[in-house]
Amino acid sequence: MPDHEILLDVRGLKMHFPIRTGFFSKAKNFIYAVDGVDFQVRKGETLGLVGESGCGKSTTARAIAQLYKPTAGEVYLNNLDLTKANGQELLAARKNMQMVFQDPYASLNPRMTAGDIIAEPIRIFKKNGLMEASKDEIDDRVEQLMEKVGLSRFFKNRYPHEFSGGQRQRIGIARALALNPELILCDEPVSALDVSIQSQILNLFRDLQDEFGLTYLFIAHDLSVIKYISTRVAVMYLGLIVEIADAGDLYKNPLHPYTEALLSAAPIPDPKIEAKRHRIILTGDVPSPDKQRPGCNFYDRCPKHMDICKKVRPALKETEPGHQVSCFLYHKPE
Amino acid sequence: MSDEVILQVKDLKTYFTVDEGVVKAVDGVSFELHRGETLGIVGESGSGKSVTNLSIINLIPMPPGKIAGGQVLFHGKDMLTMSPNEIREIRGNKISMIFQDPMTSLNPFLRISTQMVETIVLHQGLSKEESKTKAIEMLKLAGIPAPEKRIDQYPHQFSGGMRQRVMIAMGLSCNPEILIADEPTSALDVTIQAQILELMQELTRRLGTAVILITHSLGVVAGMCNTICVMYAGRIVERGRTEEIFESPRHPYTMGLIRSVPRLDQETRGRLYSIPGQPPNVIDLPDCCPFYPRCDKVMDICKKKYPPTVPFEKEQSAACWLYAKEAQNA
């Protein structure tokens, strides 16, 4: 593999949530939302994270941003381990790592104007002595950001309810850009939008990446969106990454049975192709992540499962250059 | 699919009166549904897809809603002028519905058996025991394992996909002629969506049910529907058989919509095509083409008058001045 500069390095990240029956009672059980994921995000790339609801995509992003305190594992951003960083270090590190959320209705404070929302990160950094900015500079920056994301600067004094969903998402993106971050964690940023607006926002993400050399961790459940936006793609299932590969490679040559099923299940907007396609219909639902399985998490639904899969959990291993998969069909257990 | 028309919607208009003015949610929609046909209604949020179908079965909250005009002919009888009792005979029986959110469309306090038996007893005149047997049979058809046990459980004991299966079983339990499915898979995951769509397709084919499938997903209609209506700002802007709509879309909105979706089966390099601007606010829309501010083929006449519906070959039609003779004469 050629050398790439690693911006974000996630090692053995685990996020378990306790299930308590009463307020003071001890945790009886855990939800194993993320159960040991390792991946790296290279500088300037877009790593797509795809999977079904409850597979731990959003939890992964939030645990990386330290919005949750991870149960175990390390998250290195520019060689600083965020899980061990103190408050001040973490704040400083967040300058380089911002988030864009799914629901543009819930992620903007309805009592703040668009301008204030976008300026808030800068003001917080100024207040904490991490940045110098005069009032005029902040104003200029806000206007400049608004134009960058395709909003008129005259909308600065409007409140979120005066904007449509797509415009709100643009405000959220401008806020994420305010501190000139290197990495943006995008948690389903287009799934709440209509088709015609979705393509506008996807184009905006691409344009901004070209202009500012941004790196994205891009979460979505829509496989075609992920294919369009990503350089590399990681597929998650039940708290684990089952496959990582270059986007083109993954879509042409999916190895893990879950990836195969996922790709075959996604509808394609062309009746001729739809009529001819062979679907792998998985039986059953995604199981609840409330217990740790000794074997492969996909065992129950896998059309190709073997005896070994029930007993031993397959590790994520490289089978071809740049293509990692966790499945015993491709490598023998140790 | 036969030639018999079972449902005919003619110039349907549903308006809502709000403080800011009149919302013309549905403004002159006409279409026909044949026996055994699967009709897709595609459009973005606020285009009037759901309101059209709620109007058909008379579920529009009035006020603020009002059916301002048009006819909905079910076997030739206008459903809009029927008495509530007559409607109740049809709704849930001859025409049934599946809604988007399987979490909220089942009553959380009642067992599945209670909810299913209620409908069957009411519409089919069977006894409670017979109805329960029928309900179990339907759940089994819908692919629910151990239906004898599951039927006595409560909705929260089912997963999202399973609940949607229950809804499908319920919707089909009275052998309806028409099943209206309003975004039946939008709340579900990809692999579960594939399961549910396959189930719907198989069951409705077997039972000969006509389906109106409302969705925003072009992928779903491509695989499921015989015909498609594309809605924009309360009107049908294009209609035709699925193959024609995808192969030779005529309306600029349909073209834009198809081009702006990233494709799983193709390489998309560079920028995606995107339709500029926002969908219009449907309050007090002027009488012009509502798509003109976003249209890349806009002409002067588009800003003045709503275009006529122009027919093409193979039952395709589009409401656009590009194809109207009057525009060329003007």
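Quick note: the coordinates plus some simple rules give every number you see, no bench work behind them. All figures in this text were calculated on a predicted structure; none of them were measured in a lab. Cβ atoms come from the backbone with ideal geometry, glycine included; neighbour counts cover every protein chain shown.
First measure r as the distance between the Cβ atoms of B:GLU20 and A:MET306, then evaluate 1/(1 + (r/R0)^6) with R0 = 56 Å and state the FRET efficiency to the nearest 0.05.
Details: r = 63 Å, r/R0 = 1.12.
In this case the efficiency is close to 0.35.
Only bridges whose two residues both fall in region B:94-242 count here: according to DSSP, what percent of them are antiparallel, nearest 5? Show your work: numbers first, answer last.
Numbers: 6 of 15 bridges.
Within region B:94-242, antiparallel bridges account for around 40 percent of the total.
Nearest-5 percent of antiparallel DSSP beta bridges in chain B?
Numbers: 33 of 52 bridges.
Rounded to the nearest five, the antiparallel share is 65 percent.
Structure shown: which of B:LYS24/B:LYS49; A:LYS126/A:LYS156; A:LYS14/A:LYS126 lie over 23 Å apart, alpha-carbon to alpha-carbon?
A:LYS14/A:LYS126
Using 0.36 nm per residue, how much length does the chain from B:ARG35 to B:LYS305 gain when fully extended, once their Cα-Cα distance is taken away?
On the way: separation 270, 0.36 × 270 = 97.20 nm, distance 3.54 nm.
Between B:ARG35 and B:LYS305, full extension yields an extra 93.7 nm.
A:HIS4 versus B:GLN266, label points 7 Å from Cα toward the beta carbon: distance in nm?
Between A:HIS4 and B:GLN266, the label points sit 2.7 nm apart.
Taking the DSSP beta bridges in the protein assembly as shown as the whole, what percent of them are antiparallel, to the nearest 5? Don't skip to the answer; put the middle values down first.
Working: 62 of 99 bridges.
Antiparallel: roughly 65 percent of the beta bridges in the protein assembly as shown.
Cα-based Rg of region A:201-334 per 2.2 N^0.38 Å, rounded to two decimals? Can you show the working numbers first?
Details: Rg = 16.4 Å, N = 134, 2.2 N^0.38 = 14.1 Å.
So region A:201-334 has a normalised radius of gyration of 1.16.
Direction-averaged shadow area of the convex hull around the Cα atoms of the protein assembly as shown, nm²? Mind showing how you got there, number by number?
Numbers: hull surface 132.1 nm².
Projected over every direction and averaged, the Cα hull of the protein assembly as shown covers 33.0 nm².
Quote the charge dipole size of the protein assembly as shown about the Cα centre in Debye, to the nearest 20; the model charges only the Cβ of Lys and Arg (+1) and of Asp and Glu (-1).
Numbers: 79 positive and 80 negative charges, 230 e Å.
It works out to roughly 1100 debye.
Mind checking Rg over Rh on region B:268-330, alpha carbons, Kirkwood formula for Rh? Kindly include the intermediate steps, with their values, before the conclusion.
Values: Rg = 14.0 Å, Rh = 13.4 Å.
Expressed as Rg/Rh, it is 1.04.
If we restrict to alpha carbons, what Rg and Dmax does region B:120-194 come to, in Å?
Over region B:120-194's Cα set, Rg and Dmax evaluate to 12.9, 39 Å.
Largest first and in whole Å, give the semi-axes of region B:76-171's equivalent ellipsoid, each being the square root of 5 times a Cα gyration tensor eigenvalue.
Numbers: eigenvalues 122, 50, 25 Å².
For region B:76-171, the ellipsoid semi-axes come out as 25, 16, 11 Å.
Once you have all Cα-Cα distances for chain B, histogram them in 10 Å bins from zero and send the whole-percent values.
Taking every Cα pair in chain B, the percentages come to 5, 24, 32, 24, 11, 3, 0.
For B:GLU129 and B:ASN281, FRET efficiency with R0 = 60 Å and r from the beta-carbon atoms, rounded to 0.05?
For R0 = 60 Å, the calculated efficiency reads 0.65.
Give me the distance in nm between label points sitting 7 Å out from Cα along the Cα-to-Cβ direction at A:ASP207 and A:SER164, one decimal.
According to this spin-label approximation, the distance is 1.6 nm.
Considering only C-alpha atoms, what is the centroid distance from region B:75-101 to region A:211-231, in Å?
So the separation of the two Cα centres works out to 45 Å.
I want to check the label-to-label distance for B:ARG88 and A:LYS276. Put each point 7 Å from Cα in the C-beta direction and report it in nm to one decimal.
Placing both labels 7 Å along Cα→Cβ, they lie 5.3 nm apart.
Quote to one decimal, in nm, the extra length available between A:PHE154 and A:ASN79 on full extension: 0.36 nm per residue of separation minus the C-alpha distance between them. The partial results should precede the final answer.
Details: separation 75, 0.36 × 75 = 27.00 nm, distance 4.06 nm.
Between A:PHE154 and A:ASN79, full extension yields 22.9 nm more.
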